[in-house]
Amino acid sequence: MTTDQGSRRTGSKLADRVALVTGGTRGIGAAISRSLAGQGATVAMGYGRDHERAQEFLAELQQTYPDGAFSVHPGNVATADDCRRTIQDVIDTHGKLDILVNNAGITRDRTVLKMEDDDWDSVIQVNLSGTFYMAQAALKHMLERGTGRIVNVSSIIGEVGNIGQANYAASKSGLFGLTKTLAREAVFHLERAGKLQDNSIGLTVNTVTPGYVNTEMVEAVPEKVLDKIKTRIPMARLADPEEIARVVHFLCADRSSYITGQVWGVNGGMDM
Ligand code: NAP
């Protein structure tokens, strides 16, 4: 790993790349934005409601990387029109989109017997449909250019399920099928257009599945429940958001072009 003179960059794997991270201004998304910026990428960050937090985080990135280009884009990923508008805003602002990280996500936990229609619908809409709308709009642009990276943030809960999280588990499992289909279709369209070349960095789509990560989302989990969870994690601790982010920037690198349609666990060994 190299540290560029005069900046806080940790490398230059993503120099000249433009990335959009949904929910990119706090929690795991903020760590992903930082790590992509640390590798030289221009980073656009989507967010839902927290305008103040978005402005604070934008200022933090601008201060850390004064020579970098960053922007924030409000919008509700549960709405197809907002997703299409956000993708277009990013392309208009930065000239192109190389990397899309679908990280925005919510929980509305209740057991199946108590789950209201709105608890189910809103989680599916944000976590699964939001990823689809964003990916669909980004894919069109990436196919025209012949290259791109899409990384979807799922969860170990999508692999193993969890009491009180039928909506969340279903939305996160849904990302596995969506990722694999997007990965196949990307290659299919590139081949048809004569753009599938051996020496190209290609257009890949992958999923990262974090275990339990230290963020505000997990702050909602009672201490007693967290202690119980830790006993099920071979590493016996939660992940730092940076530990998820480094896998995302690895998958986004040009040299990761042979990795597509994959599910990458970052969970302290929880699913062994
Ligand atoms: P978080 O701290 O709650 O942050 C969620 C982010 O998503 C926020 O930036 C939020 O924006 C944005 N967001 C939420 N709803 C949105 C909407 N409708 N439209 C646009 N943006 C929206 O969450 P986190 O813990 O960092 O989790 C990030 C991702 O990792 C999620 O997909 C989550 O499911 C996944 N994950 C988390 C864990 C964990 O332990 N934390 C484990 C596995 C997977 P605003 O703040 O502006 O509303």
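Candidates are the residues of region 162-174 that are more than 11 Å from the ligand (Cβ to nearest atom) and open to solvent by 30 Å² or more (accessible area, probe 1.4 Å); the one that is farthest from Ile124 (Cα to Cα) is Ile163. Within region 81-106, being within 12 Å of the ligand (Cβ to nearest atom), in a helix (DSSP H, G or I) and open to solvent by less than 20 Å² (accessible area, probe 1.4 Å) holds for Cys83, Thr86.
Scanning region 207-228 for residues that are part of a helix (DSSP H, G or I) and near the ligand (Cβ under 7 Å from one of its atoms) yields a count of 3. The conditions of being in a helix (DSSP H, G or I), under 14 Å from the mean Cα position of the chain (by Cα) and charged (D, E, K, R) are met by Arg34.
Only residues that are more than 15 Å from the ligand (Cβ to nearest atom), touching a residue at least 24 places away in the same chain (Cβ under 8 Å) and assigned to a helix (DSSP H, G or I) were counted across region 229-250, and they come to 1. Of the residues that make up region 94-111, is at least one among the basic types (Lys, Arg), more than 27 Å from Ala239 (Cα to Cα) and in contact with a strand residue (DSSP E or B) (Cβ under 9 Å, 6 or more places away or on another chain)? Yes; the residues of region 94-111 include at least one that is among the basic types (Lys, Arg), more than 27 Å from Ala239 (Cα to Cα) and in contact with a strand residue (DSSP E or B) (Cβ under 9 Å, 6 or more places away or on another chain). Candidates in region 159-189 are the residues that are assigned to a loop (DSSP other than H, G, I, E, B) and touching a helix residue (DSSP H, G or I) at 6+ places or on another chain (Cβ under 7 Å); of these, the one that is farthest from Leu139 (Cα to Cα) is Asn162.
The values are calculated or read from the model by the stated rules, or taken from the named source; none is laboratory data. In this text the structure is predicted, and so the values were computed from the model without any measurement. Here the Cβ is made from the backbone with ideal geometry for all residues, glycine too, and neighbour counts use every protein chain on show. Accessible surface areas use protein heavy atoms only, side chains included; no ligands, DNA or RNA. Shrake-Rupley method; radii C 1.70, N 1.55, O 1.52, S 1.80 Å.
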